[in-house]
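Read the structure below first, then the notes.
Readers should treat all values here as calculations from the given coordinates under stated rules, not as data from a laboratory. Fair warning: this is a prediction, and the values are worked out from it, not measured in the lab. Cβ placement follows ideal geometry from the backbone for every residue including glycine, while neighbour counts extend to all protein chains displayed.
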Amino acid sequence: MAEARPTAVIAGVGETTFARHSERADEEWIAEAIALALQDAGLRRNQVDGLVVATISVPDDSPHIAEHLGFELRYVMKADYGGASTLAGIARARAAIEAGLADVVVVAAGGNRIDLPTLSHDRRTPPWDYSLRNWLAPFGYAEPNGLFGIIQRRHMHDYGTTLEQLGKIAVTLRAHAQLNERALLREPMTIDDYISSRLIADPIRRADCVMRCAGGAAIVICADWVAQGLMKPPIYMRSYGERVNHQTRGPDHQRTETGFVALAEQIFCNDSRSDMDFAQLYDDYPIAVLLMLEDLGFAEKGKGGTFIDQTDISIGGGLPLNTGGGQLSIGQPSLAGGAIHVVEAVHQLRGEAGERQVNGASRGLVTGIGMLSYAGNLGMVCGAVLGTEAA
Amino acid sequence: MSHPVAVSWDKPFWESAAQGRLVAQQCRDCGRLQHYPRPACIDCLSQSRDWIRLSGRGTVWSFSIVRQVADPAFAGEVPFALVDVELEEGLRITSRLDDTSVEIGDRVQVTMRAIATGLCLPYFERLPDAL
């Protein structure tokens with residue numbers, strides 16, 4: 001007789017300290033993050049039977065990475081979806097557990113995008129895909145800074161979005177970072193500081209650009225029957241959805257609209273937007289956050305700037321945004337940049353966020369985005385509602 | 001890693017570019033025009049294709065003024081405009097324009113520029129309003 005299918009829950013989270021400079025390689029940061037997450041969950045490494053490595057910088061295949069870390073598993077994969085890798089990796093871990101392929105899966109990310117490892121045979125992957133290698137990089141395209149500059153300028157042109165509106169996102173996140181000792185950027189920032197910060201890819205300024213750093217983060221997902229004996233309360237994924245490529249074949253070229261427009265209903269199938277006690281939105285640039293708020297339906301298309309004007313996005317406000325400071329103030333430890341939003345959400349839902357705790361947080365939104373398509377929008381977007389109760 | 005490397009499905013682009021012509025793939029089965037070059041038609045997956053010469057003219061859809069680049073090979077070239085150009089044929093191409101006084105809606109024309117490896121890249125320049 002078939003047993004009832006388990007429900008997969010988040011049982012543990014771990015974050016290393018983050019560093020502006022490091023000589024440690026991605027795999028070392030990932031190993032540390034896994035150990036921390038297992039410790040948080042109260043699980044032993046021998047109970048782990050699944051591993052999702054979120055990386056686009058470790059060239060080794062996933063079974064080899066698992067072997068380097070001494071894992072014997074029933075399930076392994078690499079999640080190579082840029083900033084969407086961790087959240088999408090968690091969704092795959094959940095699916096694997098609920099299908100009976102594994103009972104305890106660790107999703108781990110981390111790395112070091114600043115100081116490359118010194119091993120000469122460790123060839124790091126070149127710019128990520130053919131369209132980038134042959135059709136963008138040869139122009140000195142300035143990486144995402146240049147492309148988000150194109151997107152932001154057109155959004156400002158079409159909808160009248162202002163630097164003050166975008167700046168409010170960066171400034172609010174910086175204020176949140178002052179309550180987070182792990183954040184690397186904690187000095188106060190004003191709107192004037194934001195607007196006068198150095199132009200990198202006009203209209204993109206220094207204060208728009210996420211700062212790369214070194215570090216790691218991991219999340220333990222397990223079957224509910226495993227979680228029953230653990231000290232910390234389980235956190236549930238109440239909904240999840242993802243979209244790979246949006247408007248790739250037209251009919252209209254889309255730079256300023258993302259696949260979230262097709263996802264919003266799925267993400268909010270069990271909860272309404274006004275139920276969200278916080279939002280941890282992937283923030284490599286303030287303009288990316290603004291596009292998400294529009295495409296997820298918090299604001300009409302083109303009215304994201306007005307929404308920011310009219311909404312208190314600070315802790316204690318109507319929609320507390322990136323309560324740990326987000327990547328914009330914490331730093332982006334390679335693909336663990338997508339993981340820190342999940343880790344912050346879990347801390348908030350467990351009520352262990354300390355000074356920056358949102359009172360009574362029981363449901364919150366987390367998103368991940370990755371890859372900018374040639375002359376298009378985000379190649380991968382995903383979102384989930386996490387909560388203290390099952391949906 | 002900043003130089004393009006020709007692959008099986010984009011060789012005709014580079015050969016035409018070397019002769020000063022901007023071309024794009026057109027599907028023989030469904031007529032779809034596409035840029036950048038793809039291994040197959042993005043509408044019907046056919047690999048039967050022609051290479052169509054484009055006018056090389058279009059308008060600036062949006063741009064950023066790049067003042068800092070991560071790739072040191074381009075550090076001496078800033079500032080420049082990274083542009084999305086809407087070509088007359090409806091295709092969107094991302095390229096570069098060295099005149100940083102560019103505005104959205106400006107009319108532009110392709111100009112091929114040879115790079116160190118011998119391949120030519122399609123850059124753009126502004127057309128005078130009168131033309």
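Annotation note: chymotrypsin sites (Phe, Trp or Tyr not before Pro) in the range A:126-233 located in DSSP loop regions with a Cβ neighbour count of at most 10 within 10 Å are absent.
The sum of -39500 (n - 2.57) across all DSSP H runs of n ≥ 4, divided by the residue count of chain B, sets its helix-only mean residue ellipticity at 222 nm to -1500 deg cm²/dmol. Helix A:286-295 and the longest principal axis of the Cα set of chain A meet at an angle near 80°.
Taking amide H as placed 1.01 Å from N in the peptide plane, the amide H of A:C213 sits under 5 Å from that of A:R113, A:Q332, A:S334, each at least 5 places away or on another chain. Loop sites here are GluC sites (Glu not before Pro) outside DSSP states H, G, I, E and B with no more than 15 other Cβ atoms within 10 Å. The longest part of chain A free of them is A:182-299. Amide H to amide H distances under 5 Å link A:G100 with no residue, where only residues 5 or more positions off or on other chains count and H is placed in the peptide plane.
Loop-located chymotrypsin sites (Phe, Trp or Tyr not before Pro) in the range B:13-116 (DSSP state other than H, G, I, E, B) with a sparse environment of at most 13 neighbouring Cβ atoms within 10 Å are absent. Rg and Dmax over the alpha-carbon atoms of the range B:11-126 stand at 15.1, 45 Å. Amide H contacts of B:S46 (H built 1.01 Å from N, in plane; Pro and chain starts excluded): B:C41 sit under 5 Å, all sequence-distant by 5 or more or on other chains. Measuring nothing but how far apart in sequence close Cα pairs (under 8 Å, 6+ apart) lie, relative to its length, the range A:335-391 scores a relative contact order of 30 percent. Against chain A, whose longest principal axis is taken from its Cα atoms, helix A:336-350 shows a tilt of about 70°. Karplus-based coupling profile of the range A:98-110, in residue order and whole Hz: 6, 8, x, 7, 7, 10, 9, 10, 9, 9, 10, 9, x, with θ = phi - 60° in 6.51 cos²θ - 1.76 cosθ + 1.60 and x standing for Gly or Pro. Distance from the Cα centroid of the range B:101-126 to that of the range B:28-88 is 11 Å (rounded to whole angstrom).
The loop-placed trypsin sites (Lys or Arg not before Pro) in the range A:176-222, going by DSSP, that have at most 11 neighbouring Cβ atoms within 10 Å of their Cβ come out as A:R198. Largest GNM mean-square fluctuation across A:N180, A:N322, A:N359, computed for chain A with C-alpha springs under 10 Å, falls on A:N359. By the count of neighbouring beta-carbon atoms within 10 Å, fewest first, B:L45, A:L185, A:L263 end up ordered B:L45, A:L185, A:L263.
Each residue in A:D60, A:D295 was given a count of other beta-carbon atoms within 10 angstrom of its own, and listing them fewest first yields A:D60, A:D295. Relative to the longest principal axis of the Cα atoms of chain A, the long axis of helix A:143-159 makes an angle of roughly 60 degrees. Here is how the number arises for chain A: DSSP H runs of 4 or more residues each give -39500 (n - 2.57), the sum is divided by the residue count, and the result at 222 nm is -9500 deg cm²/dmol.
Phi-derived couplings, Karplus 6.51 cos²θ - 1.76 cosθ + 1.60 at θ = phi - 60°, listed residue by residue for the range B:54-68: 9, 5, x, 9, x, 10, 6, 8, 6, 6, 10, 9, 7, 10, 8 Hz, with x used for Gly and Pro. Projecting the Cα positions of B:S48, B:A18, B:S101 onto the charge dipole of the range B:11-126 (unit charges on Cβ atoms of Lys, Arg, Asp and Glu, taken about the Cα centre) puts B:S48 furthest along the positive direction.
Pairs of Cα atoms nearer than 8 Å and 6+ residues apart set the relative contact order; for chain B it is 22 percent. Cα extents for chain A along the principal axes, largest to smallest and rounded to whole angstrom: 60, 51, 45. Each residue of the range B:110-117 was assigned a 3J(HN,Hα) from its phi angle through the Karplus curve 6.51 cos²θ - 1.76 cosθ + 1.60 (θ = phi - 60°); the sequence is 5, 9, 7, 10, 6, 10, 3, 7 Hz, with glycine and proline shown as x.
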